[in-house]
């Protein structure tokens, strides 16, 4: 009887290799390969609230046998060393994919997002309340209006210009007269 109990205790936690994921139900269901020649279907996967993922085949799963029964296995953690970013500093967090996308919460209150396309789907308002937002992208588009309480600066031909500054130049500009009287034209009567 003690040997039977000892065997159940030894088999309560195990490593497994992920074969398949069924993400259709409330809890994901996994097919895993655990002990030699042991393939288990319908293994529940417990995930932390607010975060979900569909791991790739070949990932490593940690299985817990509920009440020591190998007939009721639950995957409590799934990791994939093939794709997990390494070298993070203590305290940092990174959400990642196998394709190289990253949301890296770095020390110093800095968030770096690395991806091919970043799309923000907002119902009404996107509000960024931070002292600096830096977009390193060849093109930024919007399907709606772009409004700012501050000024907009561009870098036309290496000369930094603001929209307010361009309005001032436009409003004050004059042209030389092309007729024989010479002089200049008056300032524009319509604003920019």
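The values are calculated or read from the model by the stated rules, or taken from the named source; none is laboratory data. Here the structure is a predicted model, which is why all the values come from computation and not from measurement. In this analysis, Cβ positions are derived from the backbone assuming ideal geometry, glycine residues included, and neighbour counts consider all displayed protein chains.
Yes/no per residue for (1) part of a strand (DSSP E or B); (2) modelled with pLDDT of 95 or more; (3) within 30 Å of residue 8 (Cβ to Cβ):
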{"site": "56", "(1), (2), (3)": "no, yes, no"}
{"site": "63", "(1), (2), (3)": "yes, yes, yes"}
{"site": "86", "(1), (2), (3)": "no, yes, no"}
{"site": "94", "(1), (2), (3)": "yes, yes, no"}
{"site": "105", "(1), (2), (3)": "yes, yes, no"}
{"site": "118", "(1), (2), (3)": "no, no, no"}
For residue 78, the lone unmet condition from (1) outside any loop (DSSP other than H, G, I, E, B); (2) surrounded by fewer than 16 Cβ atoms within 10 Å (Cβ to Cβ); (3) touching a strand residue (DSSP E or B) at 6+ places or on another chain (Cβ under 7 Å) is (2)
Only one of 19, 48 is assigned to a strand (DSSP E or B) and over 14 Å from residue 73 (Cα atoms), namely 19
